[in-house]
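This is the structure I have questions about; it appears just below.
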Amino acid sequence: MDLAFQIDAANSILSAFDGHLLNALYHRSEAAAGDGGQQSLDGVEEVASLPNLRFPSMGPIKWVKELAGYTLTIDHGLGGASEIQLVDCKVNEFKIEPKEGGTVQIRFRVQCATHLTERTMGKLALLAQNEVPITLIAPATADQRQPLENPFPVQGRDEPPEDPFHPVNQQTPEEAFAATADQD
């Protein structure tokens, strides 16, 4: 199933695509940077430090990158059990449209083919052409994965198990009598 999404975000999101993309597309004009520029307001966060387009005539940019293994969560209702969660998704076909003022519109596609049920497909069909809150979670990298604790640890060959009732630690009556005779 292919799902298309569009978001409007602060242009700082461009750094997630490439560290140089923000500075390549945006700048701060001399009028905005000089004394005659807009003053900041107390308690109001500045939306973009680079609000002006470098190339106002440039259209959307196609960004060729495919991300795999993402989890898409679509908030459908009250959260929790009503959320739609799609796993092992591909995210691709990015189109970046820079806008004056420090906003950027990003369109992208999410492809998912696993764990789709008729119920999930029906819910998704009802959400077509609607604004919905989503969360995209990247797959854990090798550095982020926690090693799993082995539920069946293997002990050394020369080291008997610590459990006194383990079959290896069971003694015959003769071995038990001989063990008590050696304790003198």
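Please list the non-local residues whose amide H lies under 5 Å from the amide H of Y26, H modeled 1.01 Å from N, same-chain partners needing a gap of 5 or more.
R54
For R107, what accessible surface area do you get with a 1.4 Å probe? Give it in Å², rounded to 10.
Answer for R107: close to 70 Å² accessible.
Can you send over the carbon and sulfur percentage of the accessible area for region 67-117, probe radius 1.4 Å, protein chains only?
51 percent
What does the charge add up to near I61, with Lys and Arg as +1, Asp and Glu as -1, over the other residues with Cβ less than 13 Å from its Cβ?
+3
Quick one: net charge around H76, please, counting Lys, Arg +1 and Asp, Glu -1 for every other residue with C-beta under 9 Å from its C-beta.
Local net charge: -1.
Let me ask something else. List the GluC sites (Glu not before Pro) within region 66-130 that DSSP assigns to loop and that have no more than 12 neighbouring Cβ atoms inside 10 Å.
Passing both the DSSP loop test and the Cβ count: E66, E100.
Not counting ligands, DNA or RNA, and with a 1.4 Å probe, what is M121's accessible surface area in Å² rounded to the nearest 10?
M121 exposes around 80 Å² with every protein chain in place.
The values are calculated or read from the model by the stated rules, or taken from the named source; none is laboratory data. Only a predicted model underlies this, so the values are computations on that prediction, with no experimental measurement involved. Heads up, the Cβs are rebuilt from the backbone with ideal geometry, glycines too, and the neighbour counts pull from every protein chain shown. For accessibility, only protein heavy atoms count, side chains too; no ligands or nucleic acids. Shrake-Rupley method; radii C 1.70, N 1.55, O 1.52, S 1.80 Å.
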